[in-house]
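Undergrad: This is the structure I want to talk about, given as structure tokens.
The values are calculated or read from the model by the stated rules, or taken from the named source; none is laboratory data. Since this is a predicted model, take the numbers as computed values, not measurements. Here the Cβ positions follow ideal geometry from the backbone for every residue, glycine too, while neighbour counts run over all protein chains shown.
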């Protein structure tokens, strides 16, 4: 697989590989964000001691140069704003979270564009689990801002033009398998129910969120199979919005041009922005997917899918590439 090149600020880097998901545990975050009573020491679990983990991070005893980007942190805080403002998890101090979001977003906006830190292998901890830690203040930011269970980190291992290895950390939000906070979705559904429109239209708008009803049947008429796997058993097909339902207006919510029929794996990859498509039916693969995952999925940049229905979807795909795709 050809190495991917990405641009970060004014520099270009070769993507060596990706660590796709490091879960943010309750024991890792600061007290203000905790749900339970566990006391963490700032150590972050990054994987078991195996070839995959050590190939990515290095031999035991490693010390790594890392960075965060301010724009990514702002995007993360924006993504979990609803949880900060209307907490759904049983936090120790839920009443403080709305104020903390305001304070934290203001604080981050005053920082530089790139936030560097180093991490070291806590190899003195017994067992097969690999932990990292540091006293660097920018690393502490991750502990300060992250909400447990719904937050995770992905890491890119990069090589600079000077052949220097750096690790790019990026925080993400995942609402227990959902793209959006459930209270936010319920509020939109409530607004639809209160609109002065026919009941059938209300039902179609709400059912379209889960790829059901007329929206699904119209998509199946357009393309009665997954254009990637060519599977045509409609029990295995999911009606996936291109521009997310929560971001769409009433017309876009049920527009069959705003969707594809995919099998579950590709529906997830597309919905979360790990893949997108150009208008020439060629796939774009996110650098945040590891080489191993791409190999197992048999996907690579610019692979052509001639059965992908593009006509009329170009505007929606442009939105997906700009706003959903994980660059």
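Undergrad: Quick one: count up the residues across the range 139-164 that are buried (at least 19 other Cβ atoms within 10 Å of the Cβ), modelled with pLDDT of 95 or more and in contact with a strand residue (DSSP E or B) (Cβ under 6 Å, 6 or more places away or on another chain).
TA: Total satisfying the criteria: 7.
Undergrad: Hey, can you tell me all the residues within the range 211-234 that are in a helix (DSSP H, G or I), farther than 18 Å from residue 247 by Cα and touching a helix residue (DSSP H, G or I) at 6+ places or on another chain (Cβ under 6 Å)?
TA: Of everything in the range 211-234, those that are in a helix (DSSP H, G or I), farther than 18 Å from residue 247 by Cα and touching a helix residue (DSSP H, G or I) at 6+ places or on another chain (Cβ under 6 Å) turn out to be 213, 214, 218, 219, 222.
Undergrad: For the range 10-24, which positions are touching a strand residue (DSSP E or B) at 6+ places or on another chain (Cβ under 7 Å) and not in a strand (DSSP E or B)?
TA: 24
Undergrad: Among the residues that make up the range 123-131, is at least one of them surrounded by 15 or more Cβ atoms within 10 Å (Cβ to Cβ), farther than 12 Å from residue 44 by Cβ and assigned by TED's automatic domain parsing to the domain that holds residue 73?
TA: Within the range 123-131, not a single residue is surrounded by 15 or more Cβ atoms within 10 Å (Cβ to Cβ), farther than 12 Å from residue 44 by Cβ and assigned by TED's automatic domain parsing to the domain that holds residue 73.
Undergrad: Which numbered condition trips up residue 175, out of (1) farther than 30 Å from residue 66 by Cβ; (2) out of contact with any strand residue (DSSP E or B) (no Cβ under 8 Å at 6 or more places or on another chain)?
TA: (1)
Undergrad: So how many residues does the range 47-80 have that are surrounded by fewer than 17 Cβ atoms within 10 Å (Cβ to Cβ) and part of a loop (DSSP other than H, G, I, E, B)?
TA: 7
Undergrad: Here is a follow-up. When you look at residue 67, is it modelled with pLDDT of 95 or more and more than 21 Å from the chain's Cα centre (by Cα), yes or no?
TA: no
So that you can scan it fast, the table gives a plain yes or no per residue for (1) without any contact (Cβ under 8 Å) to a residue 24 or more places away in the chain; (2) surrounded by 15 or more Cβ atoms within 10 Å (Cβ to Cβ); (3) under 20 Å from residue 300 (Cα atoms):
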{"site": "223", "(1), (2), (3)": "no, yes, no"}
{"site": "230", "(1), (2), (3)": "no, no, yes"}
{"site": "233", "(1), (2), (3)": "yes, no, no"}
{"site": "241", "(1), (2), (3)": "no, yes, no"}
{"site": "249", "(1), (2), (3)": "yes, no, no"}
{"site": "258", "(1), (2), (3)": "no, yes, no"}
{"site": "265", "(1), (2), (3)": "no, no, yes"}
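Undergrad: Restricting attention to the range 86-95, does a residue exist that is in a helix (DSSP H, G or I), in contact with a helix residue (DSSP H, G or I) (Cβ under 9 Å, 6 or more places away or on another chain) and surrounded by 14 or more Cβ atoms within 10 Å (Cβ to Cβ)?
TA: Looking through the range 86-95, none of the residues is in a helix (DSSP H, G or I), in contact with a helix residue (DSSP H, G or I) (Cβ under 9 Å, 6 or more places away or on another chain) and surrounded by 14 or more Cβ atoms within 10 Å (Cβ to Cβ).
Undergrad: If you go through the range 8-51 one residue at a time, how many are closer than 15 Å to residue 169 by Cα and free of Cβ contacts under 8 Å to residues at least 40 places away in the same chain?
TA: Result for the range 8-51: 0.
Undergrad: Among the residues of the range 293-300, is any touching a residue at least 40 places away in the same chain (Cβ under 8 Å), farther than 20 Å from residue 248 by Cα, surrounded by fewer than 17 Cβ atoms within 10 Å (Cβ to Cβ) and in contact with a strand residue (DSSP E or B) (Cβ under 9 Å, 6 or more places away or on another chain)?
TA: For the range 293-300, residues touching a residue at least 40 places away in the same chain (Cβ under 8 Å), farther than 20 Å from residue 248 by Cα, surrounded by fewer than 17 Cβ atoms within 10 Å (Cβ to Cβ) and in contact with a strand residue (DSSP E or B) (Cβ under 9 Å, 6 or more places away or on another chain): present.
Undergrad: Okay, next question. Mind checking which helices (runs of 4 or more DSSP H) fall wholly inside the range 115-210 and carry at least 3 residues that are within 16 Å of residue 22 (Cβ to Cβ) and under 23 Å from the mean Cα position of the chain (by Cα)?
TA: Fully inside the range 115-210 and qualifying: 137-145.
Undergrad: All but one of (1) modelled with pLDDT of 95 or more; (2) surrounded by 14 or more Cβ atoms within 10 Å (Cβ to Cβ); (3) in contact with a helix residue (DSSP H, G or I) (Cβ under 7 Å, 6 or more places away or on another chain) hold for residue 116, so report the exception by its number.
TA: Here residue 116 meets the rest and fails (2).
Undergrad: Could you list, in sequence order, the residues of the range 75-97 that are free of Cβ contacts under 8 Å to residues at least 60 places away in the same chain and farther than 21 Å from residue 37 by Cα?
TA: Matches in the range 75-97: 75, 78, 81, 85.
Undergrad: Given the conditions (1) within 19 Å of residue 53 (Cα to Cα); (2) under 20 Å from the mean Cα position of the chain (by Cα), report the number of the one that residue 73 does not fulfil.
TA: (1)
Undergrad: Yes or no: the range 215-223 includes at least one residue that is modelled with pLDDT of 90 or more, over 18 Å from residue 310 (Cβ atoms) and more than 27 Å from the chain's Cα centre (by Cα).
TA: Within the range 215-223, one or more residues are modelled with pLDDT of 90 or more, over 18 Å from residue 310 (Cβ atoms) and more than 27 Å from the chain's Cα centre (by Cα).
Undergrad: Every residue in the range 297-322 that is modelled with pLDDT of 95 or more and not in a loop (DSSP other than H, G, I, E, B), please.
TA: Passing the criteria: 304, 314, 315, 316, 317, 318, 319, 320, 321, 322.
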